[in-house]
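Inspection log for the structure reproduced underneath, given as structure tokens.
Read the figures in this text as sums done on the coordinates, not as results from a lab. The shown structure was predicted, so the numbers you read here are calculated from the model rather than taken from an experiment. No Cβ is skipped: glycine too gets one built from the backbone with ideal geometry, and neighbour counts run over all protein chains shown.
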Amino acid sequence: MSPIGAPRPIEPLGLFTYGALKAGWFFAWRMTVFTLPYWGGGAAIAAGVVYLDRELADVAAVIAALGVLAALIASIPITNRIAREWTRARYGKRLSEGVWWGIFWRVLVVSLVAGAIFAAVQTAATLYAARLEWSPEQMFVTLVPYAVLVANVVVMLRAYGWAMSVMVARRLAVPPRPRAR
């Protein structure tokens, strides 16, 4: 803990810390708001196309996929902008280099590990619940997938916060490269 008024040390947040959760929330809500017109617009247009003519479901799927692709492409500069804003708010420093790739692959790795663990838990709960006759125990076990969903959201928020803090700490620890003239 640094004294009041002293600058914060520039170090990455731990994955399972409250700071990572706060940083992940800082990232997630901004990313959602900025990319909503792309993926939400594509989904709304696709839903409208299917509503008008059910035979155009394939076209609607392509429209929705293009919306998700547009959101992915738009998220690259937005990721860097959000990381710059977080760096300025947390450390009072300027982030000059991009961090999107480092954030992306770190969150992907955490997602794959968490997905494997959560899928195993959900499968085990589903199989166990299917073997039981109706009982309060079965009702309780069928709630496990909802708990897994909440845990997955928390882990993903923490993963985004952790990945952003790791990349920011790396970028701020290294002096910026001189630009070619």
In cubic angstrom per residue, the convex hull of the stretch 29-126 built on its Cα atoms measures 142 Å³
For q values of 0.12 Å⁻¹, compute log₁₀ I(q)/I(0) with the Debye formula on a Cα-only model of the chain, without solvent. -0.77
Extension gain GLU85-PHE16, at 0.36 nm per residue separation less the Cα-Cα distance, in nm? 22.6 nm
Give me the three principal axis extents of the stretch 8-60 from the C-alpha atoms, as integers in angstrom, largest value leading. 58, 19, 13
Backbone N within the stretch 22-50 under 18 Å of label point (7 Å from VAL113 Cα along the Cβ vector): 24
Under the Karplus relation with 6.51, -1.76 and 1.60 and θ = phi - 60°, whole-Hz ³J(HN,Hα) for the stretch 162-173, x at Gly and Pro, equal 5, 4, 5, 5, 5, 5, 5, 4, 5, 5, 6, 6
